[in-house]
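Below is one structure; the comments refer to it alone.
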Amino acid sequence: MGVVYRFLLTPRWWGINVFVLLAIPFCVFMGSWQLGRFEDRVEDHRAANEQVSSNKREAARPLAELLPVDKKTSGKQTTATGRYGKQLLVPDRELDGKRGYYVMTMLRTDGGKALPVVRGWLPGDADPAKAPAAPAGEVTVTGALQASESPGSNGVSAAGGLPAGQTGAISAASLVNLVPYDVYDAWVTLAKADSGMKAVPATAPQDTGLDLKAFQNLGYTGEWFVFAGFVVFMWFRLLRREVEFARDTELGLAEEPAGEPSEEPADEPADEPAAAGH
């Protein structure tokens with residue numbers, strides 16, 4: 001190692017080098033992990049779309065066989081029998097780019113629990129007068145099984161203070177105080193809507209789409225790799241500055257640190273002539 005690079009053996013540069021050698025692999029690892037998370041979400045999105053298509057071709061199965069709802073059973077065709085009870089409207093829902101609302105009616109099954117059934121969609125503001133009444137007597141419904149919604153996600157409104165007869169989210173937690181019976185932790189959207197309404201298509205399970213979380217993973221991937229490059233850049237910049245300073249020092253071009261000005265010793269005063277004698 002040349003004289004110019006001897007500074008690399010100093011404790012300060014040992015610390016810098018150890019930090020760089022640890023930081024770069026860590027950044028690359030974290031960036032690769034975030035990229036893997038993004039790729040997993042892309043794969044989940046693709047698989048969920050394929051599942052929605054395949055679910056439409058499958059025969060409907062009894063509700064009890066598909067509960068509890070998970071990523072595998074969400075969107076599957078199910079069938080349930082019971083009698084319609086309380087009806088609620090779900091406002092601020094879009095379909096085909098238009099704003100409207102769901103007409104949801106509770107289906108009281110033989111098991112005692114009620115299953116929220118979205119019978120269709122209507123345009124405009126939620127209006128109980130325009131919502132068709134549910135069929136009377138015992139009915140058997142067939143539709144896509146869906147997981148309970150979470151307010152504030154996937155377009156579900158988190159606003160409160162809705163008028164009586166309305167709910168912002170379709171979930172057992174949201175309906176527990178709105179209906180007088182136990183509610184399944186799931187809901188069904190009819191394959192064929194009732195009374196002139198539009199059928200509400202099934203949605204992919206939560207955390208399987210290319211949502212904000214997926215693109216956050218992609219953004220974090222870029223940040224980690226950029227930080228790794230920044231560490232390398234700063235290391236070379238510090239190295240270059242130290243090399244230039246060492247060379248200038250060898251050539252005597254580096255300025256010495258300012259010190260206290262040296263003072264020339266003052267000449268000793270000449271002995272005073274002896275006083276003249278009296």
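Read-outs throughout are calculated quantities, based only on the coordinates presented, and are distinct from any laboratory measurement. All values derive from a computational prediction rather than experimental measurement. Cβ sites come from the backbone with ideal geometry, for glycine too, and all protein chains shown count toward neighbours.
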Interchain or long-range residues, amide H under 5 Å from THR142's placed H: ALA191
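Report, in listed order, any pair from LYS71/LYS98; LYS98/LYS213; LYS130/LYS213; LYS72/LYS130; LYS72/LYS213; LYS76/LYS113 with a Cα-Cα distance greater than 30 Å. Write out the running numbers ahead of the final one.
Working: LYS71/LYS98 28 Å; LYS98/LYS213 26 Å; LYS130/LYS213 38 Å; LYS72/LYS130 36 Å; LYS72/LYS213 21 Å; LYS76/LYS113 20 Å.
Over 30 Å Cα-Cα: LYS130/LYS213; LYS72/LYS130.
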Dipole magnitude (debye, nearest 20) for the range 75-203, charges at Cβ of Lys, Arg, Asp, Glu: 200 debye
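Can you tell me the convex hull volume per residue for the range 75-203, based on C-alpha atoms, in Å³ to the nearest whole number?
Working: hull volume 12.9 nm³, N = 129.
Cα-based convex hull of the range 75-203, divided per residue, equals 100 Å³.
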Residue-by-residue Karplus 3J(HN,Hα) for the range 221-229, coefficients 6.51, -1.76, 1.60, Hz, glycine and proline x: 4, x, 4, 5, 5, 5, 5, 4, x
